[in-house]
1. Restricting the search to the stretch 6-63, which residues are exposed (fewer than 10 other Cβ atoms within 10 Å of the Cβ) and not in a helix (DSSP H, G or I)?
2. Going by the structure shown, is Pro92 surrounded by fewer than 10 Cβ atoms within 10 Å (Cβ to Cβ), at pLDDT below 90, under 29 Å from the mean Cα position of the chain (by Cα) and not aromatic (Phe, Trp, Tyr)?
3. Would you be able to tell me the number of residues in the stretch 55-106 that are in contact (Cβ under 8 Å) with a residue 60 or more places away in the chain and in contact with a strand residue (DSSP E or B) (Cβ under 6 Å, 6 or more places away or on another chain)?
Amino acid sequence: MTQIWIIFLVIATLGMLILIRLRSDRIIRQIWRSLKYPATNLAFNPEMIADLEEPVQRYFLHAIASGTALATSVELAKSGSFQLKPTTAWPPMQISEIISLATDFV
């Protein structure tokens with residue numbers, strides 16, 4: 001009888017952990033989507049950088065054509081490897097981040 005209760009508790013605990021994980025994943029997906037802003041009608045205008053130093057103005061005027069639509073967020077995906085200790089292997093890693101006007105990055 002005791003073994004049945006232990007098995008029941010293990011199954012119930014695993015079920016709760018799965019439900020918590022699914023809920024957390026859903027919340028994370030909602031936050032991720034909220035950071036991706038749609039394109040705006042805002043376009044680059046040289047007047048936007050008029051108060052900056054001359055070398056900075058030159059750079060922006062060279063890099064961004066007048067009238068270019070300005071992004072409100074960007075999603076970056078990176079992959080590589082990272083060595084935790086000099087004597088360990090280099091495990092692979094993959095990351096994603098969103099840089100957004102609203103909150104910087106996640």
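1. Pro38, Asn41, Ala50, Asp51, Glu53 - these are the residues of the stretch 6-63 that are exposed (fewer than 10 other Cβ atoms within 10 Å of the Cβ) and not in a helix (DSSP H, G or I).
2. On the way: surrounded by fewer than 10 Cβ atoms within 10 Å (Cβ to Cβ): yes; at pLDDT below 90: no; under 29 Å from the mean Cα position of the chain (by Cα): yes; not aromatic (Phe, Trp, Tyr): yes.
No: the conditions fail for Pro92.
3. 3
The values are calculated or read from the model by the stated rules, or taken from the named source; none is laboratory data. Note that the structure is a prediction, hence the values are computed from the model and not measured. Reconstructed Cβ throughout: ideal geometry from the backbone, glycine too, with neighbour counts over all protein chains shown.
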